[in-house]
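For reference, the structure is listed below as C-alpha cells.
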Amino acid sequence: MFPTVDLAYPFEGRWLTQNSPADRVPSHGSTMLGTSFAIDFVPVNEAGRTAPITFRSLLRPEPAERFPGFGRPILAPVQGVVVGVHHTAPDHHAFRGLPSVGYALTQRRRAAAGWAELAGNHVMIATRDGPVVAVCHLQRSSLQVQLGQSVRVGETLGRCGNSGNSTEPHVHVQAIDHLDVLNATAVPISFGGRLPRNGEIIDAG
C-alpha cells in the first residue's frame, strides 16, 4: 500500500466535513471503487449552514442553485498530471427529506452503471509518486483542465456541482493506487497532515 497522500483542501471558503475516514473506514460504508478513505466536503455559508430546510424541501427535490456552494471554484489538491476527466453529466436536483429516501432506492442502479455514473463530472490527477487523486461531483461543463495537462496545487479544476451520486452540491475526494478504478486499491489521504472529523467546519481562507 502507498503511504498517506497529503493534500491541500480543494477549495476556499467554509465547508462542512462529511463521511470522513477520521471517523470510520470505509468512510462511505463500502470498499467499492477505492472509496475506503474518501471524504466529502459540503459548501456552507458564513454561519456554517447549507440551504435552509423548509417544509417544501422535505417533500420535493430542490434546485441545486438554491445551495450556497453551487458553482464555487474547485481547486487542484495536489500537483500532477490530469489522467481522467468527465464533464457532460447533468447537475440534478438536490434531495432531502422524503425525496432523499426515493433517491437512495436508486443507488444500486447508479452503482451498476459504473464509476462515471457515481462520480459525475470529475478530474483525476496522477501524482509524481504514483497514486491518483479523484475530485468528483463537479458542475457540468465547468472543467478548466484537459487530459495530459500538468496542474499545480491551487489551480482551478472546475466548479462545485451536483452531478453523479450526490444528494446536494459537494465535492468528493479520494486517492487510489492506479487509474483503473474498478480494480484500484484505496490510498489514505490527509490535508496538511491531518484529517478533519465529521461535522467539522473547514475555513480555507
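Couple of notes before you dig in:
- Among SER36, SER190, SER100 the positive-end extreme of the charge dipole of the chain (Cβ point charges): SER100
- The H on the amide N of HIS178, modeled in the peptide plane, is under 5 Å from the matching H of VAL132, THR185, each at least 5 residues off or on a different chain.
- With contacts taken as Cα pairs under 8 Å at a separation of at least 6 residues, the stretch 103-205 carries a relative contact order of 24 percent.
- Gained length - VAL81 relative to ALA112, 0.36 nm times residue gap less alpha-carbon distance: 8.3 nm
- Shape call, the stretch 37-139: gyration tensor on alpha carbons, a/c limit 1.5: oblate
- Per-residue ellipticity at 222 nm, computed for the chain from helices alone with -39500 (n - 2.57) per DSSP H run of at least four residues, works out to -2500 deg cm²/dmol.
- Whole-Hz couplings from phi, Karplus 6.51/-1.76/1.60, listed for the stretch 13-29; x for Gly and Pro: x, 9, 9, 8, 7, 9, 6, 8, x, 5, 9, 6, 10, x, 5, 9, x
- Just the protein heavy atoms count here, and of the accessible area of the stretch 25-96 at 1.4 Å, carbon and sulfur take up 61 percent.
- For TYR103, net neighbour charge (Lys/Arg +1, Asp/Glu -1) across residues whose Cβ lies under 14 Å away: +2
- Relative contact order for the chain, counting Cα pairs under 8 Å that sit 6 or more residues apart, in percent: 34
- The stretch 117-156 - percent of accessible surface contributed by carbon and sulfur, probe 1.4 Å: 39
- Residue of PRO73, PRO52, PRO169 that the Gaussian network model of the chain assigns the largest fluctuation, springs spanning Cα pairs under 10 Å: PRO52
- Pairwise centroid distance, computed over Cα atoms, of the stretch 146-186 with the stretch 64-122, Å: 10
- Whole-Hz couplings from phi, Karplus 6.51/-1.76/1.60, listed for the stretch 130-146; x for Gly and Pro: x, x, 10, 9, 10, 10, 10, 6, 6, 6, 4, 6, 9, 4, 10, 10, 9
- Heavy-atom accessible area per residue - the chain, 1.4 Å, Å²: 47
- Rounded D (µm²/s) - the stretch 113-182, Kirkwood Rh over Cα pairs, Stokes-Einstein at 37 °C, 0.692 mPa s: 263
The values are calculated or read from the model by the stated rules, or taken from the named source; none is laboratory data. Just so you know, these numbers come straight off a predicted model, no measurement behind them. Positions of Cβ are generated from backbone atoms using ideal geometry, with glycine treated the same way; all protein chains shown enter the neighbour counts. Heads up: the accessible areas ignore ligands, DNA and RNA and are worked out on the full protein's heavy atoms, side chains in. Shrake-Rupley method; radii C 1.70, N 1.55, O 1.52, S 1.80 Å.
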